[in-house]
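A short worksheet on the structure shown next.
The values are calculated or read from the model by the stated rules, or taken from the named source; none is laboratory data. As the structure is a prediction and not an experimental result, all values here were calculated from the model. A quick note on method: Cβ atoms are made from the backbone with ideal geometry, for glycine too, and the neighbour counts reach across all protein chains shown. Just so you know, the surface numbers come from the protein's heavy atoms only, side chains and all, with ligands and any DNA or RNA stripped out. Shrake-Rupley method; radii C 1.70, N 1.55, O 1.52, S 1.80 Å.
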Amino acid sequence: MTLDKTVVSNVIADNRNSFITVKFLTKSDEERTYNGRMNVQKGLKGNERGRIVAEALRSNGYVTLKTNEGYKCFNLDKVLAIKVNGNEYKETN
């Protein structure tokens, strides 16, 4: 069962510059875990195309995360668990 979108949004908004671990479902319902940092701007191109793509991702419910492999996205609707600053948020049944 996935976490509520508002809970995930609030946790991310409260911890914009922190390292996080996110466990989520991909489009094919495969579990995946990313560990990275939020709100990293280094290495991004500041051109119009980049801003259009970033806005399109945000409007579709995706959040960008900087990992060791580069920039990765996950969907807010498919988050299973999130860990920030030692606090873990996951669905309890």
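Can you run down the residue pairs with Cβ atoms below 6 Å, 6 or more apart or on separate chains, where the first is in the stretch 76-93 and open to solvent by 30 Å² or more (accessible area, probe 1.4 Å) and the partner is among the small types (Gly, Ala, Ser) and part of a loop (DSSP other than H, G, I, E, B)?
Hits for this filter: 77/61; 85/18.
For the stretch 14-55, which residues satisfy the criterion of being modelled with pLDDT under 85, open to solvent by less than 50 Å² (accessible area, probe 1.4 Å) and outside any loop (DSSP other than H, G, I, E, B)?
50, 54
Out of (1) under 23 Å from residue 91 (Cα atoms); (2) open to solvent by less than 60 Å² (accessible area, probe 1.4 Å); (3) modelled with pLDDT of 85 or more, the odd one out for residue 67 is which?
Going through (1) under 23 Å from residue 91 (Cα atoms); (2) open to solvent by less than 60 Å² (accessible area, probe 1.4 Å); (3) modelled with pLDDT of 85 or more one by one, residue 67 breaks only (1).
Which members of the stretch 56-92 meet the condition of being outside any loop (DSSP other than H, G, I, E, B) and polar (S, T, N, Q)?
Scanning the stretch 56-92 gives 59, 64, 67, 75, 87.
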